[in-house]
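Working notes, beginning with the structure itself.
The values are calculated or read from the model by the stated rules, or taken from the named source; none is laboratory data. These numbers were taken from a predicted model, which means no experiment stands behind them. Neighbour counts are summed over all protein chains in view; Cβ atoms, including those assigned to glycine, are modelled from backbone coordinates with ideal geometry. Protein only, heavy atoms only, side chains kept; ligands, DNA and RNA dropped before computing areas. Shrake-Rupley method; radii C 1.70, N 1.55, O 1.52, S 1.80 Å.
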Amino acid sequence: MTMPERTWPSAFQRRMLICVFIGFSSGLPLFILLNLLQAWLAKSGLNVKSLGLFALVMFPYTWKFLWSPLMDRFSLGVMGRRRGWMAVTQLALFLSIGVMGMLDPLRQLPLVGLLCALVAFLSSSQDIAVDAYRRELLPDNEQGLGSAIHVNAYRVAGMVPGALSLILADQMSWQWVFWITAAFMIPGFICTLLVKEPEIYGQPPANLREAVILPFQEFIARSGWKNALLVLSFIFLYKLGDSLATALATKFYLDLGFSMTQIGVIAKTTGFWASLVGGMLGGIWMIRLGINRALWLYGVVQALSILGFSWISLRGADPYLLAFVIGFEALGVGLGTAAFVAYIARTTDKRYSATQYALFTSLAAVPRTFINASAGFIVDQTGWFLFFNLCFLLALPGMLLLPKVAPWNAEIND
């Protein structure tokens, strides 16, 4: 057996293990803002409109492309461009999340909002560095599986604030809950200290002007303005429906009559396993299907899964139905997200991975931030049943763009 044959499997496994740790670290802050924050504020007495407006604190996710050129251009000490920024943001997130739980949501709501915005800023900045690191770490033929593993780890992170933290909240004070949840940032930080900086692809930007201009210039020049706008529209629309549908999921479960422990044990645990299966199957099937066809097939499952929420809104607090609906939705989202992340990675030029990846993922985060902020007002006017039917309809426009941006029979080797 030759040396390459011996070393390739171990290198492959090491790269995928890194994707697990940094994917988990990347997902944890987001799910804290989506799940734990929502439960904390709801239990403190905030109404559904105020809870919906709290989605606006996540605006950094939609604007991170503005400071991503700085992270492409500058390094932080001896750790390098990617690892340096990852380490700083991970440590700052640990402290910010812990401190947030020490506040009183009713008496210090503006301060809570500011600290939530800080967590979102640090989290989105970590995402810039993590996405760029993963794009540069993995060769092109591993992007599909690597993206699926990253998505899985990202979703696994949601189990901490979405399940464990909710269960702990029934047993101890919120201050301890937030510090325990924040401690789950530490494994990712340790991983960042131990791994090596990825090999630089081409020449990094020589100055800030190049870091800002060249990534956008390359993207437009690649296929022209028309195709660039189609790609950006698709990225914005593909996950619009399922993002809005889950914007107030915890509030929806509470309104149906489920307890915090039931939500943690039934809903979140079922969602965990289903998303894990969906992400892994998504990555494995993509090897045979290719990214384009995966976007078609997984997108259909992703859209149909939204209708399960409409069903349970009519049936009420049935724990078995809740497990099925959440499981199917998580499976669909796991499949759709795996293909979507792989598509974004493929569309990114390695020379400008931080800036271009940040641009694409910022656009994908717009629905989660600004459109999701309207969820509370829509529910207040329509009720949960019509709200979820609307979410299903909003999942269709992105699918209609697939013939243009990801043709079924494209000859490109995905």
**Request:** Consider Gly327 carefully, then state whether it is at positive phi and open to solvent by less than 30 Å² (accessible area, probe 1.4 Å).
**Result:** no
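Report yes if Leu114 is without any contact (Cβ under 8 Å) to a residue 60 or more places away in the chain, open to solvent by 20 Å² or more (accessible area, probe 1.4 Å), over 22 Å from Leu276 (Cα atoms) and not charged (D, E, K, R), otherwise no.
Values: without any contact (Cβ under 8 Å) to a residue 60 or more places away in the chain: yes; open to solvent by 20 Å² or more (accessible area, probe 1.4 Å): yes; over 22 Å from Leu276 (Cα atoms): yes; not charged (D, E, K, R): yes.
Yes.
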**Fill in**
Within the stretch 369-404, of all residues that are farther than 23 Å from Leu256 by Cβ and modelled with pLDDT under 90, the one surrounded by the fewest Cβ atoms within 10 Å (Cβ to Cβ) is Phe370
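Mind listing just one residue for me: the one in the stretch 122-180 that is of a type in the set (D, E, K, R) and part of a helix (DSSP H, G or I) and, of those, nearest to Ala354 (Cα to Cα)?
First pass over the stretch 122-180, keeping only residues of a type in the set (D, E, K, R): 127, 131, 134-136, 140, 142, 155, 170.
From what is left, the residues that are part of a helix (DSSP H, G or I) are 127, 131, 134-136, 140, 142, 155.
Working: Asp127: 9, Asp131: 7, Arg134: 10, Arg135: 9, Glu136: 10, Asp140: 16, Glu142: 19, Arg155: 22 Å.
Of everything passing the filter in the stretch 122-180, Asp131 is nearest to Ala354 (Cα to Cα).
Name the single residue that is most open to solvent (accessible area, probe 1.4 Å) among those in the stretch 74-111 being part of a helix (DSSP H, G or I) and of a type in the set (Gly, Ala, Ser). Please lay out each step first, then the result.
Restricting attention to the stretch 74-111, the residues satisfying the condition of being part of a helix (DSSP H, G or I) are 77-100, 109-111.
From what's left, of a type in the set (Gly, Ala, Ser): 77, 80, 84, 87, 92, 96, 98.
Details: Gly77: 65, Gly80: 15, Gly84: 2, Ala87: 9, Ala92: 29, Ser96: 13, Gly98: 0 Å².
Checked the stretch 74-111; the qualifying residue most open to solvent (accessible area, probe 1.4 Å) is Gly77.
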**Message:** Pairs please, first residue from the stretch 240-251 and in contact (Cβ under 8 Å) with a residue 12 or more places away in the chain, second anywhere and basic (Lys, Arg), Cβ atoms under 7 Å, 6+ apart in sequence or on different chains.
**Reply:** Ser243/Arg368
**Asked** What residue, among those in the stretch 261-319 that are open to solvent by less than 50 Å² (accessible area, probe 1.4 Å) and polar (S, T, N, Q), is nearest to Val156 (Cα to Cα)?
**Response** Ser275
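Of everything in the stretch 235-255 that's part of a helix (DSSP H, G or I) and charged (D, E, K, R), which residue is modelled with the lowest pLDDT?
Here is the first cut: in the stretch 235-255, the ones part of a helix (DSSP H, G or I) are 235-237, 240-245, 249-255.
Filter again for charged (D, E, K, R), leaving 242, 251, 255.
Numbers: Asp242: 87, Lys251: 83, Asp255: 88.
Only one residue tops the list, namely Lys251.
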**Prompt:** Just to be sure, is Ser68 within 24 Å of Glu199 (Cβ to Cβ), open to solvent by less than 10 Å² (accessible area, probe 1.4 Å) and either in contact (Cβ under 8 Å) with a residue 60 or more places away in the chain or β-branched (Val, Ile, Thr) (or both)?
**Reply:** yes
**Prompt:** What number of residues within the stretch 135-166 are open to solvent by 20 Å² or more (accessible area, probe 1.4 Å) and of a type in the set (D, E, K, R)?
**Reply:** 3
**Item:** the stretch 160-195, residues that are of a type outside the set (A, V, I, L, M, F, W, C) and more than 24 Å from the chain's Cα centre (by Cα)
**Value:** Asp170, Gln171, Ser173, Gln175
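For the condition assigned to a helix (DSSP H, G or I), of a type outside the set (A, V, I, L, M) and at pLDDT 85 or above, what is the one hit in Phe65, Phe12, Phe24? Give the steps one after another, and end with the answer.
Details: Phe65 fails: at pLDDT 85 or above; Phe12 fails: at pLDDT 85 or above.
Criteria check complete, one pass: Phe24.
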**Prompt:** Here is a list of conditions, (1) exposed (fewer than 15 other Cβ atoms within 10 Å of the Cβ); (2) at pLDDT below 85, and Met172 meets all of them except one; can you say which number that is?
**Reply:** (2)
**Message:** Please go through (1) among the aliphatic types (A, V, I, L, M); (2) more than 30 Å from Ser259 (Cβ to Cβ); (3) modelled with pLDDT of 90 or more for Ile213 and return the number of the only condition it doesn't satisfy.
**Reply:** (3)
**Item:** Test for Ile190: is it closer than 19 Å to Met100 by Cα, of a type in the set (Val, Ile, Thr) and part of a helix (DSSP H, G or I)
**Value:** no
**Request:** Restrict the check to the stretch 117-134 and report whether at least one residue is open to solvent by 10 Å² or more (accessible area, probe 1.4 Å), more than 27 Å from Asp349 (Cβ to Cβ) and either under 17 Å from the mean Cα position of the chain (by Cα) or modelled with pLDDT under 90 (or both).
**Result:** yes
**Request:** Considering each residue of the stretch 204-236, count those that are under 15 Å from Leu402 (Cα atoms) and buried (at least 21 other Cβ atoms within 10 Å of the Cβ), and give that number.
**Result:** 3
